[in-house]
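Read the structure below first, then the notes.
Bear in mind these aren't lab numbers, they're just calculated from the coordinates by the rules spelled out. Worth saying up front: this structure is predicted, and the values here are computed from it rather than measured. We place every Cβ from the backbone using ideal geometry, glycine too, and count neighbours over all the protein chains shown.
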Amino acid sequence: MHFIPNWLTAPTSAIQVHLIGAGGTGSTMLTALARINYALTDSGHCGLQVTLFDDDRVDGANLGRQLFAECELGLYKAGAVISRANRFFGTKWKARNMRYEEYRENPATITIACVDSVASRRNICGKLEQPTVSHHRDRPLYLLDFGNGRYSGQVLLSTTCEIAQPRSKKFEAVSQLDNVFQTFPEMEEQRDDGLPSCSLAQALQQQDLFVNSVLSNMGASLLWSMLRNGYVRHRGMFVNLEDYRSLPIGV
């Protein structure tokens, strides 16, 4: 069992969240975060303050598989989906039309990585785990990492540092959760293909139509449970849509 800090379940101000990537997974994850925020604030919680990072623009291959419309072609993905969420849910979330690696301000308490490349994931892990002397409340604590292939993928929750755990006779409390590279060392050997898709048909050869939305909703369910209950028994899951299997990853 991993217990989250008490102040995350009853904060005095909104929890800072950085969402990295506004593509297939990120665009659907943002909607899920807006629903979490609505449910939290409706129950007396201070909710979430989300900043979305992506330097990419909407093109024709994004329509259909990702949550973009023809009228948004040429717009920055981050700005498009944040504007939509703010209008629909009444939030005041922010878009940064830039790569997260270029961001020089303080990291958020919770970072959600919805990126395709191994290099980007490595840079995110390195940025969040840099030693810090700050005692500010909004220091980085958690990273929720999404990764997928054509039909399958995984969600993994990790900590950026050791988090003090309460004493428990009933459960073995785990203070630190390994990141994606520590959990799957073979990922270090993977190469990025970096090939863009020129059409929806070509994009679907790389990622099936619903794999991103399934992963984002399951990851959002993990985050919701974590903030709602104050603990997690599982820190992620494997999903395979080819044979409709899901396997939890224990703490």
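Give the residue list of trypsin sites (Lys or Arg not before Pro) in the stretch 22-99 that are DSSP loop and have at most 13 other beta-carbon atoms within 10 angstrom.
Sites meeting the loop and neighbour criteria: LYS92.
Please state the Cα pair-distance histogram of the chain with 10 angstrom bins from zero: what percent is in each bin?
Spelled out per bin, shortest first, that is 7, 31, 38, 19, 4, 0.
Please compute the net charge surrounding VAL211, taking Lys and Arg as +1 and Asp and Glu as -1 over other residues with Cβ under 12 Å from its Cβ.
0
Stokes-Einstein at 10 °C, 1.306 mPa s, Kirkwood radius from Cα pairs: D for the stretch 1-102 in µm² s⁻¹?
In µm²/s, the coefficient is 111.
What percent antiparallel are the DSSP beta bridges of the chain, to the nearest 5?
DSSP beta bridges in the chain are roughly 55 percent antiparallel.
Scan around GLN207 for amide H atoms under 5 Å from its own, H built in the peptide plane at 1.01 Å from N, and keep only partners 5 or more places away or cross-chain.
Close amide H contacts, sequence-distant or interchain: none at all.
Determine which lysines satisfy two conditions relative to LYS92: a Cα distance under 27 Å, and not lying fewer than 8 residues away in the same chain.
LYS77, LYS127
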